[in-house]
Amino acid sequence: MIVLGIESTAHTFGVGIVTDEEERFVLADVRVKYVPEKGGIHPREASRLFAEKGPEAVKKAFEEAGLTIKDVDAVAVALGPGMGPCLRVGATIARMLAAYYDKPLVPVNHAVAHIEIGLKVTGARDPVVVYLSGGNTAVLAFVSGRYRVFGETLDIALGNLLDTFAREVGLAPPYVVSGKHVVDICAEKGRDFVDLPYVVRGQDVAFSGLLTAAVKMYKSLKGREGDVCLSLREVAYGSVLEIAARCLMQTGKREVMLVGGVAASPVLREKLMAFAKYYGVEHYVVPPRYAVDNGVMIAWTGLLAFKHGVRIPVEEAIIRQRWRVDEVDIVWRR
Amino acid sequence: MEALTRLSRLVEEVRTVDKVVKVLERCEELSVGAEARVLRCRFLGIDAVAKLRLPKPFLDPRIDAKLRVSRTRKEARAILKALELGVRAPVPLWIDEESGLLIMQFVEGILLRDYVVEKGWCDDTCRYFEILGEFLGKMHGGGLVHGDPTTSNAIINPLGELYVIDFGLAEFSNALEDKAIDVHIAFRAIESTHFVAEQEFKNCFLRGYSRTYDRWRDVVARVREIRTMGRYVERRRTVWGEDRE
Ligand SMILES: Nc1ncnc2c1ncn2[C@@H]1O[C@H](COP(=O)(O)OP(=O)(O)OP(=O)(O)O)[C@@H](O)[C@H]1O
Ligand SMILES: Nc1ncnc2c1ncn2[C@@H]1O[C@H](COP(=O)(O)OP(=O)(O)O)[C@@H](O)[C@H]1O
Ligand SMILES: [Mg+2]
């Protein structure tokens with residue numbers, strides 16, 4: 001079976017083609033990334049880029065795979081959650097392909113896809129999922145047929161915290177230098193600890209108070225910048241691991257899997273290792289290539305779903321900006 | 001006995017509290033949680049629980065030590081406050097903040113979570129959510145937020161009385177925001193664990209909460225806002241969707 005998947009929920013237009021054969025399941029992986037000139041994502045600007053480069057990306061994916069649309073069994077598309085203008089481009093292209101070439105269309109939830117590709121590439125079976133990216137900070141686990149949210153951030157995401165701090169104090173851009181976040185690099189010079197708010201509430205974390213305090217401190221404590229970075233990093237990573245531990249205990253799962261852009265942090269990986277040892281569980285980290293937005297994860301999740309009968313009539317394939325991850329029945333894991 | 005030796009070894013790792021450990025008898029492990037180990041022991045002849053917060057290797061030792069001390073202290077103080085406000089909670093018996101050890105009354109019974117999972121939606125389970133709501137309302141009225149008011153932190157004793165436990169994340173606060181987050185946490189526990197009758201359980205909880213806390217409307221309105229997100233950033237994409245409802 002061969003499935004084509006389209007991702008366009010935010011800053012990346014991705015086209016992936018996958019098979020269910022064991023070896024070399026990725027046949028094509030094309031990505032067009034929108035990089036804002038300054039500040040955050042402007043959905044309309046991103047969507048304009050997607051509309052311009054999207055069709056070309058699809059064509060390129062077929063070339064990469066050495067296939068044509070005729071070889072494809074289904075077309076999968078991320079219908080949400082995400083930004084309306086961006087989602088619309090992917091949905092339109094997918095609907096067009098499905099209708100014109102008479103292929104089944106498979107709806108995919110973006111967050112579910114992040115988890116499924118993680119399971120596929122790491123070999124984890126039933127982990128507590130720790131999803132840490134620029135836009136998300138959440139702890140999830142599979143319970144009774146769905147991925148349920150056990151904890152999350154009450155305000156900003158972990159990646160956003162690190163990036164905003166770095167930008168505000170003048171450490172960035174660039175945010176990541178040779179595989180390390182600039183905050184992690186700055187923390188290497190830290191020795192002593194400064195008092196910053198550590199906020200865990202129930203199973204949730206909150207970072208906005210931490211961000212404000214850290215920026216203020218960095219600017220006022222001349223000569224102790226490293227200490228502030230170190231403290232910020234330790235508080236942030238520590239509180240995330242704490243809520244992950246709470247989910248582990250509550251669900252009794254034996255594995256933990258890290259996914260999302262922040263999973264690339266070597267410091268965090270090391271902590272995760274100590275964490276797993278302490279709680280006696282297996283740990284997995286999704287490699288950066290598949291931890292960030294891409295079309296392959298949509299294609300792969302689409303393939304799993306399609307095999308279990310999931311499809312959607314073209315006229316019903318409307319985007320869902322607020323599609324909750326726990327609304328999706330994971331029929332292929334029952 | 002083995003558990004006792006283990007406890008004393010664990011405590012020694014942190015600090016020696018020999019005298020107390022000597023009067024703890026017949027210990028058995030109740031739970032190894034994310035944060036603490038909980039043992040049931042005889043303490044001066046009383047059926048007691050020893051809750052011990054241990055160092056965690058994945059946390060910076062300085063944060064770790066600070067959290068251990070502050071949460072142990074807060075737990076004891078918050079329980080006393082809750083009792084004062086008419087909430088059933090295990091009476092604290094002894095505390096050693098530095099080593100993260102709190103000894104309190106043992107509450108015989110079954111976790112509310114297990115009870116609800118077993119019985120599902122019925123009058124009895126609704127009634128317990130209502131009582132949980134009442135207790136949270138009383139705390140909020142008295143300027144206390146629990147910090148983790150889930151069904152895993154409530155016990156039903158053999159007389160059918162509900163006890164609230166686990167005050168380690170409690171805060172003394174009158175801020176609307178903190179109270180709303182408490183209610184949000186209770187709701188999410190219902191969504192992740194008691195999804196068989198999500199809306200019904202929430203209604204039962206709110207019936208109790210509104211009975212004991214007069215500003216409940218403000219809190220519920222704020223909960224809704226928290227769940228809509230996007231408070232600090234313009235557009236936030238979350239696992240719940242862009243602007244969550
Ligand atoms: N080595 C690293 N250490 C720490 N953080 C990193 C590293 N590399 C990237 N990041 C962070 O990862 C984030 C980007 O991740 P990703 O691309 O998965 O997120 P996103 O697309 O913004 O969010 P999402 O897809 O969940 O909506 C940024 O905040 C970035 O700073
Ligand atoms: N006073 C008590 N009486 C009886 N059992 C208790 C008591 N305190 C804790 N427990 C048991 O230990 C478990 C964990 O305790 P808790 O205080 O909730 O710590 P944690 O922070 O690990 O969740 C509870 O779920 C309960 O089963
Ligand atoms: Mg507990």
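Taking all protein chains together, B:MET139, A:MET217, A:MET96 sort by accessible area into A:MET96, A:MET217, B:MET139, largest first [probe 1.4 Å].
Axis of helix A:158-168 versus longest Cα principal axis of chain A: the two differ by about 60°, to the nearest ten degrees.
In a reduced charge model with +1 at each Lys and Arg Cβ and -1 at each Asp and Glu Cβ, the range B:110-244 shows a dipole moment near 440 debye about its Cα centre. If only the Cβ of Lys and Arg carry +1 and only the Cβ of Asp and Glu carry -1, the dipole of the protein assembly as shown around its Cα centre is close to 800 debye.
Given a 1.4 angstrom probe, I'd like the percentage of the accessible area of the protein assembly as shown that is carbon and sulfur, rounded to a whole number. Can you show the working numbers first?
On the way: 11820 of 23480 Å².
Here carbon and sulfur together make up 50 percent of the probe-accessible area.
Roughly what angle does helix A:225-251 make with the longest principal axis of chain A, taking Cα atoms, 0 to 90 degrees, to the nearest 10? Once rounded, the angle reads 60 degrees. Taking label points 7 Å from Cα along the Cα-to-Cβ direction, A:LYS60 and B:VAL220 give a separation of 5.3 nm. Surface analysis of the range B:54-149 yields an accessible area of 38 Å² per residue, using protein heavy atoms and a 1.4 Å probe.
If you take the Cα Rg of chain A and divide it by 2.2 N^0.38 Å, with N the number of residues, what do you get?
Details: Rg = 20.3 Å, N = 334, 2.2 N^0.38 = 20.0 Å.
Compared with the compact-globule rule of thumb, chain A sits at 1.01.
Modelled spin-label separation between A:GLU327 and B:GLU177, with each label point placed 7 Å from Cα along the Cα-to-Cβ direction: 2.9 nm.
Could you give me D for the range A:189-287, from Stokes-Einstein at 20 °C and 1.002 mPa s, where the hydrodynamic radius is the Kirkwood radius over C-alpha pairs? Units µm² s⁻¹, please.
Details: Rh = 14.6 Å.
Estimated diffusion coefficient is 147 µm²/s.
Each part reduced to its alpha carbon centroid, the range B:57-73 and the range A:87-128 end up 42 Å apart.
When chains B and A come together, the accessible area they lose, probed at 1.4 Å and totalled over both chains, is close to 4400 Å². Here each label is just a point 7 Å from Cα along the line to Cβ, and for B:CYS122 and A:LEU67 those points are 5.2 nm apart. Hydrodynamic analysis of the range B:37-166 uses the Kirkwood radius over alpha carbon pairs. Inserted into Stokes-Einstein at 10 °C and 1.306 mPa s, it gives a translational diffusion coefficient of 101 µm²/s. Report, in whole Å, the centroid distance computed from the Cα atoms of the range B:193-209 and the range A:177-200. Rounded to whole Å, the Cα centres lie 41 Å apart.
Ranked by accessible surface with a 1.4 Å probe, highest first, in what order do A:LYS103, A:LYS307 come?
A:LYS307, A:LYS103
Starting from the amide H of A:ALA172, placed 1.01 Å from N in the peptide plane, find each other amide H under 5 Å away whose residue is 5 or more places distant or on another chain. Correct list: A:ARG167.
With the charge dipole of the range B:110-244 set up from +1 on Lys and Arg Cβ and -1 on Asp and Glu Cβ about the Cα centre, the Cα lying farthest toward the positive end among the listed residues B:ILE181, B:TYR209, B:LEU144 is that of B:ILE181. Comparing A:MET273, A:MET249, A:LEU210 along the charge dipole axis of the range A:200-283, the residue lying farthest to the positive side is A:LEU210, per the Cβ-charge model.
When the helix-only estimate is applied to chain A (DSSP H runs of n ≥ 4, each -39,500 (n - 2.57), divided by the residue count), what is the mean residue ellipticity at 222 nm, nearest 500 deg cm²/dmol?
Working: 10 runs with 142 residues, N = 334.
So the helix-based figure for chain A works out to -14000 deg cm²/dmol.
Shape class for the range B:172-221: oblate, because the ratio a/c of the largest to smallest gyration tensor axis (alpha-carbon atoms, square roots of eigenvalues) is 1.5 or more and b/c is at least a/b. Each part gets one Cα centre, and for the range A:1-21 versus the range A:284-334 those centres are 10 Å apart. Compared with the rule-of-thumb size 2.2 N^0.38 Å for a compact globular protein, the range B:110-244 has a Cα radius of gyration ratio of 1.05.
With every protein chain in place and a 1.4 angstrom probe, the accessible-area ranking of A:SER133, A:SER144, A:SER178, largest first, reads A:SER178, A:SER144, A:SER133. For the range A:110-169, with equal point scatterers placed on the C-alpha atoms only and solvent neglected, what are the log10 I(q)/I(0) values from the Debye formula at q = 0.14, 0.18 1/Å, to two decimals? Scattering profile of the range A:110-169, log10 relative to I(0): -0.45, -0.67. Projecting the alpha carbon convex hull of the range A:1-122 along each direction and taking the average yields 7.5 nm². Helix A:43-65 and the longest principal axis of the C-alpha atoms of chain A enclose an angle of approximately 60°.
P(r) for the protein assembly as shown, from all Cα pairs and a bin width of 20 Å, is 20, 51, 26, 3, 0 %, short bins first. Under 18 Å of direct C-alpha separation, and excluding same-chain neighbours fewer than eight residues apart, A:LYS277 reaches these aspartates and glutamates: A:ASP126, A:GLU242, A:GLU255, B:GLU35, B:ASP60, B:ASP64. What FRET efficiency would be calculated for the residue pair B:GLU200, B:GLU108, taking the C-beta separation as r and a Förster radius of 25 Å, to the nearest 0.05? So the FRET efficiency works out to roughly 0.30.
Less than 5 angstrom separates the built amide H of B:VAL49 from those of B:CYS41, B:MET104, B:GLN105, B:PHE106, all sequence-distant by 5 or more or on a different chain. Under the rule a/c < 1.5 gives rounded, and otherwise a/b versus b/c splits prolate from oblate, where does the range A:128-252 land using the Cα gyration tensor? It is prolate, given that a/c is not under 1.5 and a/b is the larger ratio.
Past the 27 Å Cα-Cα mark, which pairs from B:LYS81/B:LYS119; A:LYS253/B:LYS119; A:LYS33/A:LYS216; A:LYS216/B:LYS138; A:LYS222/B:LYS74? Mind dumping the intermediate values first?
On the way: B:LYS81/B:LYS119 32 Å; A:LYS253/B:LYS119 23 Å; A:LYS33/A:LYS216 33 Å; A:LYS216/B:LYS138 37 Å; A:LYS222/B:LYS74 34 Å.
Going by Cα-Cα distance, B:LYS81/B:LYS119; A:LYS33/A:LYS216; A:LYS216/B:LYS138; A:LYS222/B:LYS74 fall outside the 27 Å limit.
The values are calculated or read from the model by the stated rules, or taken from the named source; none is laboratory data. These figures come from a predicted structure and were not determined experimentally. Because the Cβ atoms are built from the backbone with ideal geometry, glycine has one as well, and the counts that use them run over all protein chains shown. Keep in mind that these areas ignore ligands, DNA and RNA; they rest on the heavy atoms of the full protein, side chains included. Shrake-Rupley method; radii C 1.70, N 1.55, O 1.52, S 1.80 Å.
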